[in-house]
1. Of all residues in the range 411-430, which are assigned to a helix (DSSP H, G or I) and either in contact with a helix residue (DSSP H, G or I) (Cβ under 6 Å, 6 or more places away or on another chain) or basic (Lys, Arg) (or both)?
2. For the range 436-458, enumerate the residues that are exposed (fewer than 14 other Cβ atoms within 10 Å of the Cβ) and small (Gly, Ala, Ser).
3. Select from the range 295-345 the residues that are over 15 Å from residue 260 (Cα atoms) and under 15 Å from the mean Cα position of the chain (by Cα) and list them in ascending order.
4. Which members of the range 179-206 meet the condition of being of a type in the set (Ser, Thr, Tyr) and open to solvent by 10 Å² or more (accessible area, probe 1.4 Å)?
5. Kindly provide the set of residues from the range 266-297 that are among the hydrophobic types (A, V, I, L, M, F, W, C), open to solvent by 10 Å² or more (accessible area, probe 1.4 Å) and within 23 Å of residue 184 (Cα to Cα), ordered by number.
6. Can you pull out every residue in the range 229-255 that is of a type outside the set (Asp, Glu) and assigned to a loop (DSSP other than H, G, I, E, B)?
7. So which pairs qualify, if the first residue must be in the range 643-655 and farther than 21 Å from residue 446 by Cα, the second must be open to solvent by 20 Å² or more (accessible area, probe 1.4 Å) and assigned to a helix (DSSP H, G or I), the Cβ gap must be under 9 Å, and the two must be at least 6 apart or on different chains?
8. Restricting to the range 43-77, give me the number of residues that are in a loop (DSSP other than H, G, I, E, B), of a type outside the set (Gly, Ala, Ser) and over 18 Å from residue 373 (Cβ atoms).
Amino acid sequence: MSLDRAASAYPHLFSRFDLGRFTLKNRIVHASMTTRFAEAGAVSDRLIAYHANRARGGAAISVTEPLGVLAQHVGGPRVDVWSGRNNEGLRRWAAAVEAHDCRLLAQLQDGGRGRHEDGRPGAPFGASALPDDLSGGVPHALSAGEVEMMIADFVRSARLLHAAGFAGVEISAGHGHIFHQFLSAHANRREDRFGGDLAGRARLLTELLAALRAELGPGLLIGVKLPGEDGVAGGIDMAQARAITGLVHATGVVDYLTWCWGSHAESLYWHLPDLHGVRAPFVDKIHALAKAAPGVAVGALGLITDPNEGERIVRDSAADLVMLGRPLVADPAWGIKAAEGREAQIRYCVSCNTCWHLISTHATLQCDNNPRVGRADEADWRPARAPGAGRRVVVVGAGVAGLEAAWVAAARGHRVTVLGAGAEVGGKARLHALLPGGENLSSIYDFQRLSADRYGVTFRLGAAADIDAVMALGPEVVVLAAGSTPSWPAFLPVEWRNEGLIPDLRQTIAALAPRSGREAGTAFIHDQDQTAFTYAAAEFLGRRFERVVVATPRERIAGAESLVNRQGVYRRLHDRGVDIITLVEPAANSRFDEGEVTLAQVYTGERRIVRDVALMTFATPRIPDDTLAAPLRALGVETHLIGDCFAPRWVLNATAEGHRLGLSL
């Protein structure tokens, strides 16, 4: 890392900082992110590589995902610390991170009664026998003795972690998990010493803190993530958060504090803010809460994605540490790229929450903008030259799948030409970037275009590619990444398809985006798509039309989105007065030309009419644009289909398949 460059561009972000007995190389902290890279409860090479890459990429502290630190965690998916069977793996993990002058901290946490999957939890426990705000599952209320055993388990595991070389622990006391459940009067109705007033409700946390310091001495770093506002009636507001902070500070054992927002409730989405709100939305509130803990280091957390944001936070004394979760999933070398003036080469987080969706459904951690999460060589990776470099490769499609394949193949030494129908690169992602909350999507194709230019990719944009145009380039390999097209709705006359009378939602946004002003009447969206693009478009149309109606044959909208994204969609659309009608299909005999759409209930056939429709559009299942595949193969050309051109799915699949194909050529 070029410290001279860092000192001049981001002198505060890259300044050293004393924390406990350690001097940190900078202010960058990898915030805890669940990876699910453990293998049958054991430390895996991939898990070690994940954290080592963030350390090598510039982080001064890396906080693990929640580990198996209680007796009841043994046999589960977490890395098993409590039993002691992973001591050697834990040592290898800590050593791999420490090798890059980075401190490894283990997160101590339990979900308690919390569950965000469908159905009831298997054996939940909590502060009181009260239902979880999301799943409705009622937990076993821990006895005072069981709480004391839990504290002992946490301390036992912390001792094993410290012996393995971990620099310390972080207690995750927010997000509606077990500590939060004890702290909140909404979830804690106990009458023993672990309930009652705030001091009683905080006793689990404060006694654990005292026990950790007494057992492990001054050398162990102890951080705490506390709840800020949790958005639950009768729960924790700023006044309560300030009082809790004061109680924790009074223990005198904490090295750093940070705060998170939301709870295991309808406010769950607060802890993963996206671009539908302001950037770094919690920094001012964190700064205010920190006043209740003078002398303790403070971490800023929540939608901090750019080095300039981190620099301002430290420079303005809003916080001492800059805690990055999703941004360091997207690019583990975020730090060294910023320090060396290579900010344009950062693969920025797009705040899409694909990572959270995957890990919350028990898949391994992946990222829309980083196809190499957990690879051994992930940090600041560059493609190696291919043994058969120099092949003529034609990529049809300039969306994120085609761009990823193009730049990787070019970096490996192939001669690559990209044909794109649009005047600019980006495809559907570029259109989505024009909509509310979509701004950061541009960072995906901006990075890809810059990489393609750096490695000499030729672009021919602004004309749809036919078989003659492709073959004129003499390709040895053709990559079809032309995307997909919304299917024509069955309730509309087939002859209207080529007349442009009813545009699909993409066409609608492309036509309206350059225009300004409001229009009279109702904008009607037939929704079979169920993805974020549709609802961002509904918000956009809400600014242009007097009324917006979203109608779907499904039982709810946003069914294809993660829980946290779906919560945000519902909140925004309801706040903006969008009418959501479920379990209905437009009837073929609707008087579309007179501004009327008749909706039939999918089970009963009951009819209702939406009137004064000034704009009708649809988001339907997409059909791959793969018509070139058969003629190319008939001509004997090696042909590959990727992204939506293979099968319509997600940005995650597009970047992953483009990357994988580029490496295979």
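1. Taking the range 411-430 first, the residues assigned to a helix (DSSP H, G or I) are 411, 427-430.
Residues satisfying the conditions are 428, 429, 430.
2. Here is the first cut: in the range 436-458, the residues exposed (fewer than 14 other Cβ atoms within 10 Å of the Cβ) are 450, 453-454, 456.
The one that is exposed (fewer than 14 other Cβ atoms within 10 Å of the Cβ) and small (Gly, Ala, Ser): 456.
3. Within the range 295-345, the subset over 15 Å from residue 260 (Cα atoms) is 295-297, 305-318, 320, 327-345.
Selection gives 305, 327, 328, 329, 330, 331, 332.
4. Restricting attention to the range 179-206, the residues satisfying the condition of being of a type in the set (Ser, Thr, Tyr) are 184, 206.
Answer for the range 179-206, where residues must be of a type in the set (Ser, Thr, Tyr) and open to solvent by 10 Å² or more (accessible area, probe 1.4 Å): just 206.
5. 270, 272, 282, 283, 288, 290, 292
6. Going through the range 229-255, the residues of a type outside the set (Asp, Glu) turn out to be 231-236, 238-254.
The answer is 231, 232, 233, 234, 235, 236, 251, 252, 253, 254.
7. 646/653; 646/657; 647/653
8. Narrowing the range 43-77 to residues in a loop (DSSP other than H, G, I, E, B): 43-44, 57-60, 67, 69-70, 74-77.
Add one more test, that the residue is of a type outside the set (Gly, Ala, Ser), and what stays is 43, 67, 69-70, 74, 77.
Now restrict to residues that are over 18 Å from residue 373 (Cβ atoms): 67, 69-70, 74.
Number of matching residues: 4.
The values are calculated or read from the model by the stated rules, or taken from the named source; none is laboratory data. From a predicted model like this one, the values you see are computed outputs, not experimental measurements. No Cβ is skipped: glycine too gets one built from the backbone with ideal geometry, and neighbour counts run over all protein chains shown. SASA here: full protein model, heavy atoms, side chains in, ligands and nucleic acids out. Shrake-Rupley method; radii C 1.70, N 1.55, O 1.52, S 1.80 Å.
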